[in-house]
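The values are calculated or read from the model by the stated rules, or taken from the named source; none is laboratory data. In this text the structure is predicted, and so the values were computed from the model without any measurement. Reconstructed Cβ throughout: ideal geometry from the backbone, glycine too, with neighbour counts over all protein chains shown.
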Amino acid sequence: MNVAQPKYKTSDEVDFLIIGSGAAGGILAKELSTNGFRVVVLEQGPYLTEADYTHNEIKILGEDLLTNHPKLQPTTFRKTPQDKAKQQRALVYGRSVGGTSVHFTANFWRFHEIDFIERSKVGAIPGANLVDWPIRYADLEPYYTKVEWEIGVSGQAGASPFDPPRSRPYPMPPLPVKSSGVIFERAARQLGWNPFPAPMAILSQPRAGRSACVNCGFCLGFGCEVGAKSSSLVAAIRFAEKTGRCEIRPDSYVHRIETDARGRAIGAAYFDKEKNTHLQKAKAVIVCANGAETPRLLLMSADPQFPNGLANSSGVVGKNLMLNSGAIALGVFEHPLNDYKGYAVSRILHDFYELDPQKVGFCGGGGLDARFDATPIGFALNNMPPGSPRWGSSFKKILGDNFPRTMEVFSHATSLAREDNSFSLDPDLKDAWGLPALRMTYRDHPDDLKIATWLNARALELLDAAGAKQKWNYPIVEQEFAVHLLGTCRMGNDAKTSVIDTDHRTHDVKNLFLCDGSSLVTSGRGQPTMTIEALAFRAADRITALAKRGEISA
Amino acid sequence: MPGFGVDASQRRDYSLFSFQPTMMSDFSRRRFLSQLGGGISAALVAAHWPEMLAAATHARQAAQSGTPHKFEFFTPEEALEIDAISARIIPTDDTPGAREAGVIYFIDRALLTFASGDQPKYREGLPELQNALREKLPDVQKFSAATPEQQDELLQTMDASKNQPVARRRNLESAQTFFEVVRVHTISGFLIDPEADFGNRGGVGWKLIGREPEHTFQPPFGYYDKDYPGWQPAPKAADKK
């Protein structure tokens, strides 16, 4: 923690109160404090740094050191609004300063032009609430470039023939290829596909006081001990703190946005570590709490003036949830790959980004990547070939043989928005603070299952072409667990069908802004954080312009 | 032993096995530090130096300690039985198994910390095991006294799970049956980061799976990337399908 950061009083009406310090909140904090505004960031989780991160799988994955806690923050799940929700762990998200960007895989490719205009191109899809974005790829392009240069993305411009246009190359070359990447690249080329070095938000060269990746091998799910992974903590928040105008306040769990009689946000009420409540005053509030917690907070902030929840005159807060569909195929090879070394993904292909619905019979698209993201315990429990012994000497033999010889081909793909898919407040279950628990309602659109199945078949073809000794895939089933939390407060021009406008301002409350995964209108083809961060940089420009024109407080 | 942060008076004063915990002398963070080289910013090392030093000192003290281990959750009799189960889950054959990795100490510690919710599974599971033993092998007093073949046969009856791939989840799920709990705990204790305070003693679990303990690696990483010439655009003919 930077000692220079200011300590605002809760009664100080700061310029901006940002709720959530993750991918979007961290960038908004940096941009707005750099632009001269006084900013307080409230983060529900603790302020952990490189010194707190560890390779201990039990602490990180088992005890949720970096993530939301299923016992303190229980959740419920149901498939449709007609069902009664059952208590089960429904989602995971980062819960420390830096949010999910602390532990993400760091796949950082841009959405393509199609993702913004798919509805116009393919028409209405039965059972889906597919609409165009109110902005286009071209609007975001400068901000994608900003993410690459300011946050730190390694990659090779022009390596994929399917990439959208860009104004600048990557600031750093790709990370070193892994054996899984070489196997993937050679096989994909045999099949006539176009593999390319995966763009990753991990430094391949030292930059801005941060180390290059040391290939430690505990990447997905873990915090980076050397600051090479471009989390918002190392790439944005530390710069926000240096402005002397931004206070990061951890262990601060916001449960309500307060409004005045004119229907304007005046600040947010939160619990501190000891569960005492405070109200931080602010001229404007920006919620960046993620696609689950942002709608939850708006719904919990209902009052007589806003009976359906804050900024919810449209009724769509929490709805149109998208998770991205995905599929996993695994292959075992003759020689050691030692893919546990290094980051997760080194090669990727986007030949199937835009599929013709007339030809394949469904709406959707996606890509394949070569990866290994299993850590030792997780591998032994979950990544052995089907039918393998689960214990005993033969288990031990296969475990020893396979760990260095296994790789994964992961399929990442579209989710179609459906109005019934949502986060809402559970009517019965409460969290450890007595607040309504998150209830997830989710059933994949049939096309999401079809694209996942289709891509998984390509992944198996690839493993065949690569000469895998053994290959298998996990069954494609309806998802009941959320990692990507998208679309639940979608952006749009129509206040009746969307929650925020193109400035990220809520249609209903003039000084309330939302920016995170909830803002997305479509899911892209997976890997949304790059786009969330581009939106955050853009939102910072828009909000700064509004503030300078006096259009927020007026 | 010192440094585990548990009041000595709370421990049961037994030592079950003849070998001493050797801990992670090979894997201390000093090694991490020595490997960092120029790849890391000096500021970061400076910022972390106190913590790194503390961790390394702790590891060294632990390694040098001659005090026998004391169980905190299990009685020595219970520990013998769980150890016998673990030793069938990951047996000692031509390479070290659960026993050499000190898995029993990991489980003992786990049941007082992150896995405290599983205490009833062990409290109820051990008598169940005893009952099953009495039924199948009336002449054998304890599971730990049975032959490995008898033990395997008995455990097969307690392993209800099928050999199917499970839908992969990011988090380590809590297991449902006694055998499954012991299986998950044994695998966890065998394969956990050897820098952790308990489990994977001497790094034997990671040696089995070929996972080198270093924190930094340089390419080439494996067989297939060692002759990789660097990324080149695809030849024109292969450009379009």
- request: Answer with yes or no whether A:Phe410 is within 13 Å of another protein chain (Cβ to nearest Cβ), at pLDDT 95 or above and under 30 Å from A:Gly318 (Cβ atoms).
  value: yes
Picked from the range A:29-57 (must be of a type in the set (A, V, I, L, M) and closer than 23 Å to A:Asn290 by Cα), the residue surrounded by the most Cβ atoms within 10 Å (Cβ to Cβ) is A:Ala29
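Quick test for you: out of B:Asp118, B:Asp94, pick the one residue that is over 23 Å from B:Gln150 (Cβ atoms) and charged (D, E, K, R). Walk me through how you get there before you give the answer.
On the way: B:Asp94 fails: over 23 Å from B:Gln150 (Cβ atoms).
Selected residue: B:Asp118, the only one of B:Asp118, B:Asp94 that is over 23 Å from B:Gln150 (Cβ atoms) and charged (D, E, K, R).
Do any strands (runs of 3 or more DSSP E) entirely within the range A:187-268 hold 3 or more residues that are within 10 Å of chain B (Cβ to nearest Cβ) and of a type outside the set (A, V, I, L, M), and if so, which?
Values: elements: A:195-197, A:246-249, A:253-259.
So the answer is A:195-197.
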Flagged pairs (Cβ under 7 angstrom, 6 or more apart or on separate chains; first in the range B:113-134, more than 13 Å from B:Thr177 (Cβ to Cβ); second in a helix (DSSP H, G or I)) are B:Phe114/A:Ile58; B:Phe114/A:Gly62; B:Ala115/B:His185; B:Leu126/B:Glu78; B:Leu126/B:Glu81; B:Leu133/B:Phe143; B:Leu133/B:Leu154
Sole miss for A:Trp391 among (1) within 8 Å of another protein chain (Cβ to nearest Cβ); (2) in contact (Cβ under 8 Å) with a residue 40 or more places away in the chain; (3) aromatic (Phe, Trp, Tyr) is condition (2)
Result of the Cβ filter at 6 Å on the range A:312-336, keeping first residues that are away from chain B (no Cβ under 12 Å) and touching a residue at least 24 places away in the same chain (Cβ under 8 Å) and partners that are hydroxyl-bearing (Ser, Thr, Tyr) and part of a strand (DSSP E or B), at least 6 apart or interchain, is A:Gly318/A:Ser422; A:Gly318/A:Ser424; A:Lys319/A:Ser422; A:Leu321/A:Ser422; A:Val332/A:Thr406
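Residue-by-condition table, conditions (1) among the aromatic types (Phe, Trp, Tyr); (2) assigned to a loop (DSSP other than H, G, I, E, B); (3) more than 7 Å from every other protein chain (Cβ to nearest Cβ):
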site	(1), (2), (3)
B:Gly199	no, yes, yes
B:Arg211	no, yes, no
B:Pro219	no, yes, no
B:Tyr228	yes, yes, no
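Within the range B:80-99, which residues are among the charged types (D, E, K, R), within 12 Å of another protein chain (Cβ to nearest Cβ) and touching a residue at least 12 places away in the same chain (Cβ under 8 Å)?
The first filter runs over the range B:80-99 and keeps only residues among the charged types (D, E, K, R), leaving B:81, B:83, B:88, B:93-94, B:99.
Now narrow it down to the ones that are within 12 Å of another protein chain (Cβ to nearest Cβ): B:88, B:93-94.
Across the range B:80-99, the qualifying residue is only B:Arg88.
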A:Gly98: passes all of (1) within 30 Å of A:Gln280 (Cα to Cα); (2) within 14 Å of chain B (Cβ to nearest Cβ); (3) not acidic (Asp, Glu) but (2)
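Suppose we filter the range A:330-368 for residues that are farther than 26 Å from B:Lys207 by Cα and of a type outside the set (Phe, Trp, Tyr); how many remain?
The initial filter retains those residues of the range A:330-368 that are farther than 26 Å from B:Lys207 by Cα, namely A:347-368.
Next, from what is left, pick out any that are of a type outside the set (Phe, Trp, Tyr): A:347-351, A:354-361, A:363-368.
Qualifying residue count for the region: 19.
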(message) Would you confirm whether or not the range A:294-305 contains a residue that is part of a loop (DSSP other than H, G, I, E, B), of a type in the set (A, V, I, L, M, F, W, C) and in contact (Cβ under 8 Å) with a residue 24 or more places away in the chain?
(response) no
Condition set touching a helix residue (DSSP H, G or I) at 6+ places or on another chain (Cβ under 8 Å) and assigned to a strand (DSSP E or B), scope the range A:423-437, selection farthest from A:Asn473 (Cα to Cα): answer is A:Pro436
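Could you tell me whether A:Pro174 is under 23 Å from the mean Cα position of the chain (by Cα), at the interface with another protein chain (Cβ under 9 Å from one of its Cβ atoms) and either of a type outside the set (Asp, Glu) or crowded, with 22+ Cβ neighbours inside 10 Å (or both)? Outline the logic, then answer.
Details: under 23 Å from the mean Cα position of the chain (by Cα): yes; at the interface with another protein chain (Cβ under 9 Å from one of its Cβ atoms): yes; either of a type outside the set (Asp, Glu) or crowded, with 22+ Cβ neighbours inside 10 Å (or both): yes.
Judged against the criteria, A:Pro174 is a match.
Suppose the filter is part of a loop (DSSP other than H, G, I, E, B) and touching a helix residue (DSSP H, G or I) at 6+ places or on another chain (Cβ under 9 Å); does A:His112 pass it?
Details: part of a loop (DSSP other than H, G, I, E, B): yes; touching a helix residue (DSSP H, G or I) at 6+ places or on another chain (Cβ under 9 Å): yes.
Yes; evaluated as a whole, the condition is true for this residue.
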Note to self: Just checking, does the range A:68-76 include any residue being within 29 Å of A:Ser230 (Cβ to Cβ), touching a residue at least 24 places away in the same chain (Cβ under 8 Å) and within 18 Å of the chain's Cα centre (by Cα)?
What the structure shows: yes
Within the range A:438-475, the count of residues that are assigned to a loop (DSSP other than H, G, I, E, B) and at pLDDT 95 or above comes to 8
Requested in this report: Confirm whether A:Gly26 is more than 14 Å from chain B (Cβ to nearest Cβ), part of a helix (DSSP H, G or I), touching a Ser or Thr at 6+ places or on another chain (Cβ under 6 Å) and buried (at least 19 other Cβ atoms within 10 Å of the Cβ).
Outcome: yes
Filtering helices (runs of 4 or more DSSP H) wholly in the range B:100-187 for at least 1 residues that are at pLDDT below 95 and surrounded by fewer than 20 Cβ atoms within 10 Å (Cβ to Cβ) gives B:119-136, B:148-158
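Return yes when A:Phe362 is touching a Gly at 6+ places or on another chain (Cβ under 9 Å) and of a type in the set (Phe, Trp, Tyr) and no when it is not. Break it down into steps so the answer makes sense when it comes.
Values: touching a Gly at 6+ places or on another chain (Cβ under 9 Å): no; of a type in the set (Phe, Trp, Tyr): yes.
No; evaluated as a whole, the condition is false for this residue.
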Q. For the range A:158-173, does any single residue satisfy the condition of being touching a strand residue (DSSP E or B) at 6+ places or on another chain (Cβ under 8 Å) and small (Gly, Ala, Ser)?
A. yes
